[in-house]
Amino acid sequence: MHPAPSVIIFTSLSGLGFGLLFWLGIGYPEVYGMSAFGMFFVAYALAVGGLLASTAHLGNPKNAIHAFSQWRTSWLSREGVASIVTLLVMAVYAIGMIFLGQRFQILGWIGAALSLFTVFTTSMIYAQLKTVPRWNMRLTSVMFLTYAVAGGALLAGQISIAVVLLLVLTLVQFAVWQAGDKRFREAGHTIETATGLGNLGKVRLLEPPHTSPNYLMKEMVFTVGRKHSRKLRMIAGVSLGLLPVILLYALPFNPISAALAVAFHMLGLFAARWLFFAEAEHVVGLYYDKR
Amino acid sequence: MTALPQTTQKKLGLVIDLDICVGCHACVTNCKEWNTSNYGAPLSDVDAYGAEPMGTFLNRIHTYEVKQEGCNAQTVHFPKSCLHCEDAPCVTVCPTGASYKREEDGIVLVNEDRCMGCGLCAWACPYGARELDQLAGVMKKCTLCVDRIYNENLPEEDRIPACVRTCPAGARHFGDFADPESNVSRLTAERGGMELMPEQGTAPVNRYLPPRPKTDIGGENKIDILAPFLEPVVNEETTQDQPGGFLGWLDKALEKI
Ligand code: SF4
Ligand code: SF4
């Protein structure tokens, strides 16, 4: 799949933002006044910024308002509804903590649950697609949720739990790569099942329908850059969790090492998310004899 | 509404005969011609005369080579457009309600006044049947020429999809799969009409008739029906020692001298 910057930014940033909102919702850290304002500002900037980035992907954004209507069937619609509801609930909670010096605990818990649910709906936009076997597994949702909770803990300054979660995240990410690499073969789609010509022999594309790439190929048959995937996996695998953990543990805690830890985590997050799209093979590639 | 109907009264769709298609792209051209000027936004072309032309098409023809070990390869032209799936994943993923499947005839359509161009439906379709128009920014797909088949302003013979109407080889058939006596149901039953990528579980309505196995004159024990007519009239091997006719007489005459 084409690793469009808009979707990479959308899934990465909004995941982090809702992850941070989750921690704020359950009261870690319990902050009031200006420091609460700072925390919520960061969380909203990430969550809303990510959502706005996703609209850059739309061909016809003037109809985007309709996207809230089909929550009964569509995960993308559920994602839209869930994120708006979460942001509203958390806004009331945030007002309490920033201006009233009050923590509406129940509201916080509801908001935290909604934050996780929002991240889950984001993951299901991808995990539901049978056409992309690499994404079409439960682990995809586990991965998105772990990213949000671990990244959120890091941003929330919950160092001791963040360290554990970042290591878990690294394991989950490697498990996803392992499982993902086998998914296309396991799903059993081949050029023979795609064309139905398998009983006549071995099939290969003799002539494509068009001489230059079309929308389908640009969007779904993205094969460039896969050759770098090994290197990128190493970069992502190390900077996601290991480097931040070393920075947080080995050095005496100070703002610079904390900022560096966040920076490394985000570098790993972006690299991994780029791979999430770039390595995903869509079955339509079979018709083009490409994956 | 992007919930799929439980059942549809009709199941309109196409049968495509892979044995007959000659890959001339006439259906592609007529499809583009009809659909660029009727239902919804035109099918735009981008950089049409440049180095990398790109355009929106609702129907495309791939050409495959099929080869069995020890046999000659066989060429199969393979038209591909929306299969109007019964369990259409493209419809249920749509967040705006723009994509829908009609309860009355099973046609899958996009309401462009609601589509926001997110492209998720194109991701959900296994067959590459949906293309986002690069200029209009809305999703385009085969409408089964919904604006022809019920159009009483057209002469009756034209009330079929443009691709079927134009196919010079007669490789495309249009009809109702819900009716077991329809042309398409009978063709499917007689010729073993197949689904594409059935393991995706989309339950496509359109069926493809497999190419008939070709006579392989290259292989062993293969019968070539023309061979007997092309046999040499004079078999040199049996005539070499004792030539008959004039040559035989000459041969004998010369021997006697
Ligand atoms: S062929 Fe693709 S676009 Fe058409 S109904 Fe099936 S899934 Fe949807
Ligand atoms: S591109 Fe349009 S029709 Fe397709 S899923 Fe998005 S809103 Fe629906």
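The values are calculated or read from the model by the stated rules, or taken from the named source; none is laboratory data. Note that the coordinates shown come from a computational prediction; the quantities given were computed from them, not determined experimentally. Using ideal geometry, Cβ is built from the backbone for each residue, glycine included, and neighbour counts are taken over all protein chains shown.
Before moving on, here are some points about what is shown:
- Matching option when the condition is touching a Pro at 6+ places or on another chain (Cβ under 6 Å), over 23 Å from A:GLY17 (Cβ atoms) and not small (Gly, Ala, Ser), among A:VAL224, A:VAL283, A:VAL203: A:VAL283
- Listed by position, the helices (runs of 4 or more DSSP H) inside the stretch B:95-167 whose residues that are farther than 22 Å from B:HIS25 by Cβ and in contact with a Ser or Thr (Cβ under 7 Å, 6 or more places away or on another chain) number at least 2 are B:120-124.
- Tally of residues being more than 10 Å from ligand 2 (Cβ to nearest atom) and either acidic (Asp, Glu) or over 24 Å from the mean Cα position of the chain (by Cα) (or both) across the stretch B:93-132: 5
- In the condition set (1) within 16 Å of ligand 2 (Cβ to nearest atom); (2) of a type in the set (A, V, I, L, M, F, W, C); (3) at pLDDT below 95, B:CYS85 is compliant with all but (3).
- When each of B:ARG159, B:ARG148, B:ARG165 is tested for being at negative phi, in contact with a Pro (Cβ under 7 Å, 6 or more places away or on another chain) and at pLDDT 95 or above, the lone residue that passes is B:ARG148.
- Test: B:LEU83 is within 16 Å of ligand 1 (Cβ to nearest atom) and assigned to a strand (DSSP E or B): no
- Within the stretch B:90-124, considering residues that are near ligand 1 (Cβ under 9 Å from one of its atoms) and facing chain A (nearest Cβ under 7 Å), the one surrounded by the fewest Cβ atoms within 10 Å (Cβ to Cβ): B:ALA124
- Those residues of the stretch A:20-61 which are in a helix (DSSP H, G or I) and more than 23 Å from the chain's Cα centre (by Cα), in sequence order: A:GLY33, A:MET34, A:SER35, A:ALA36, A:PHE37, A:GLY38
- If you filter the stretch B:133-154 down to residues that are within 16 Å of ligand 1 (Cβ to nearest atom) and not aliphatic (A, V, I, L, M), you find that the one that is nearest to the chain's Cα centre (by Cα) is B:CYS142.
Yes/no per residue for (1) closer than 25 Å to A:ASN60 by Cβ; (2) surrounded by fewer than 15 Cβ atoms within 10 Å (Cβ to Cβ); (3) modelled with pLDDT under 95:
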site: B:HIS25; (1), (2), (3): no, no, no
site: B:MET54; (1), (2), (3): yes, no, yes
site: B:TYR64; (1), (2), (3): no, no, no
site: B:GLN68; (1), (2), (3): no, no, yes
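- Identity of the residue in the stretch A:63-74, part of a helix (DSSP H, G or I) and away from ligand 2 (no atom under 11 Å from the Cβ), that ends up farthest from A:ILE110 (Cα to Cα): A:ILE65
- Which listed residue is touching a residue at least 60 places away in the same chain (Cβ under 8 Å) and of a type in the set (Val, Ile, Thr), from A:VAL224, A:VAL203, A:VAL262: A:VAL262
- Looking only at the stretch B:138-171, and only at residues there that are out of contact with any Phe, Trp or Tyr (no Cβ under 9 Å at 6 or more places or on another chain) and under 10 Å from B:ASN35 (Cα atoms), the one that is farthest from ligand 2 (Cβ to nearest atom): B:CYS142
- Counting only helices (runs of 4 or more DSSP H) that sit wholly inside the stretch A:189-245, those with at least 2 residues that are crowded, with 18+ Cβ neighbours inside 10 Å and of a type outside the set (A, V, I, L, M) are A:191-195, A:215-220.
- The residues of the stretch A:124-139 include none that are away from chain B (no Cβ under 14 Å) and crowded, with 24+ Cβ neighbours inside 10 Å.
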